[in-house]
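Down below is the structure, laid out as structure tokens.
The values are calculated or read from the model by the stated rules, or taken from the named source; none is laboratory data. Please read all numbers here as calculations on a predicted model, not as lab measurements. A quick note on method: Cβ atoms are made from the backbone with ideal geometry, for glycine too, and the neighbour counts reach across all protein chains shown. Heavy atoms of the whole protein, side chains included, go into the accessibility calculation; ligands, DNA and RNA do not. Shrake-Rupley method; radii C 1.70, N 1.55, O 1.52, S 1.80 Å.
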Amino acid sequence: MNLIVAITGGSCAIYGVALLKALEELKVQTHLVISRMGEYVVEHECGIRLDELKSMATFTYNNDDLAAPISSGSFKCDGMIVAPCSMNTLAAIANGISINLVTRAADVTIKEGRKLILLPRETPLSVIHLENMLKLARIGVKIMPAAPGFYHQPQSIEDIVHIMVGRMLDQIGIDHSLCKRWGDD
Ligand SMILES: Cc1cc2nc3c(=O)[nH]c(=O)nc-3n(C[C@H](O)[C@H](O)[C@H](O)COP(=O)(O)O)c2cc1C
């Protein structure tokens with residue numbers, strides 16, 4: 001499995017960090033790109049150095065590098081996850097605006113009919129945000145708001161984060177044991 005992972009400037013960067021860590025442990029090949037505000041929020045919220053984060057990925061690219069392999073449909077990959085996905089990046093993707101590598105790679109993922117998962121975080125959501133999400137959902141993009149369930153009584157932030165990371169891995173079709181499932185024990 002070969003996945004593109006993008007981290008953009010929404011709060012809850014912890015989901016992107018945990019996703020990358022899980023994929024590394026599951027030995028999934030990853031292609032990481034982080035927006036400038038994504039880097040800012042990671043540093044502000046997660047207490048992890050950017051070089052440490054990037055070392056978890058198999059390949060990393062600069063968001064300005066529109067000539068990177070992942071900007072072409074001829075590059076073979078199994079899908080893309082944007083976690084977190086800012087409303088800015090979501091709006092660009094919904095409108096086919098490929099202004100940087102994150103939005104170009106997402107545009108390519110859509111046109112090639114590959115799996116695209118977005119983890120948006122904003123509250124409250126405006127009509128503009130909701131319309132952009134609806135537009136993407138209608139063409140098969142999975143919109144997975146950062147909204148973990150609490151029915152397994154999570155005991156830590158890590159438990160909560162793993163619920164969302166596990167659900168993203170489920171959507172992309174990767175087996176894992178990050179979180180309990182309804183009906184377990
Ligand atoms: C600390 C911090 C938290 C933010 N949280 C959010 C958020 O949860 N959702 C969002 O859409 N934008 C959020 N923003 C604003 C985005 O970072 C901003 O719109 C930026 O232009 C996004 O750029 P990007 O899509 O290239 O990452 C936040 C900004 C900062 C500084």
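Computed on the chain, with alpha-carbon pairs under 8 angstrom and 6+ residues apart, the relative contact order is 22 percent. The orientation-averaged projected area of the convex hull spanned by the Cα atoms of the range 98-160 comes to 6.0 nm². In the range 60-134, one over the average inverse separation of all distinct C-alpha pairs is 12.7 Å, which is the Kirkwood hydrodynamic radius.
Local charge sum around residue 136 (other residues, Cβ-Cβ under 15 Å, Lys/Arg +1, Asp/Glu -1)?
After counting each charged neighbour, the total is +3.
Legend: residue pairs 111/135; 27/142; 27/180; 54/76; 115/142, Cα-Cα distance threshold 19 Å; pairs beyond threshold, 27/142; 27/180; 54/76.
When every Cα-Cα distance of the chain is counted in 10 angstrom steps from zero, the calculated P(r) takes the values 10, 40, 38, 11, 1 percent. If only the Cβ of Lys and Arg carry +1 and only the Cβ of Asp and Glu carry -1, the dipole of the range 30-185 around its Cα centre is close to 560 debye.
Counting only protein heavy atoms and a probe of 1.4 Å, the accessible surface of the chain is 51% carbon and sulfur. The Kirkwood radius of the range 1-104, taken over pairs of alpha-carbon atoms, gives through the Stokes-Einstein law at 4 °C and 1.567 mPa s a diffusion coefficient of 96 µm² s⁻¹. Counting every C-alpha pair in the range 28-83, the share spaced more than 14 angstrom apart comes to 59%. Taken as entire DSSP H runs, the helices of the chain that both span 18 Å or more between Cα atoms along their own long axis and average -0.5 or more on the Kyte-Doolittle scale are 157-172. Net charge of the neighbourhood of residue 86, taken over other residues with C-beta under 10 Å away and scored Lys/Arg +1, Asp/Glu -1, is 0. What would the Debye formula give as log10 I(q)/I(0) at q = 0.18, 0.20, 0.25 Å⁻¹ for the alpha-carbon point model of the range 7-51, no solvent? Results for the range 7-51 at q = 0.18, 0.20, 0.25 Å⁻¹ read -0.49, -0.59, -0.88.
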